[in-house]
């Protein structure tokens, strides 16, 4: 995506939020989060997949309890990411295959545009909260669980 397309997409997302556009439906959000989780936490030996630890439900619970402004920002970010691949791939992000989604995320993560790198960082943080809250992911990190309740 070039700078102009990125700028138009970002301006459209900000405009929708400013006009009070309704947030994405839960089913749409789930599809986008599933696609992002698959790209950000691909299957690895000894590690559960994002689907196995149900990252989508964990992020959904987080968003349900987040302040309204944070929900709007997260949903706007999800909407933007899903539509941002239309100019370059002629398809929404969640419909791309895993290789294409990975290429998009990797490209944005290494972009010269600070905004694209920040988007990847924000998405990774939001989904990591859902991924690493599951105890099946802790051994890989060398973490044996919380001290409370031992």
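Once you sort the root eigenvalues of the Cα gyration tensor of segment 21-110 as a ≥ b ≥ c, which label holds: rounded (a/c under 1.5), prolate (a/b larger than b/c) or oblate (the other case)?
Details: a/c = 2.00, a/b = 1.13, b/c = 1.78.
Taking the square roots of the gyration eigenvalues as a ≥ b ≥ c, segment 21-110 is oblate.
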Listing 131, 62 by rising number of other beta-carbon atoms within 10 angstrom, fewest first, gives 62, 131
All-pairs Cα distance distribution in segment 59-150, expressed in whole percent, bin size 10 Å: 14, 37, 32, 14, 3, 0
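Only the coordinates and a few stated rules stand behind these numbers; no lab work does. All values reported here derive from a predicted model rather than from experimental measurement. Neighbour counts are summed over all protein chains in view; Cβ atoms, including those assigned to glycine, are modelled from backbone coordinates with ideal geometry.
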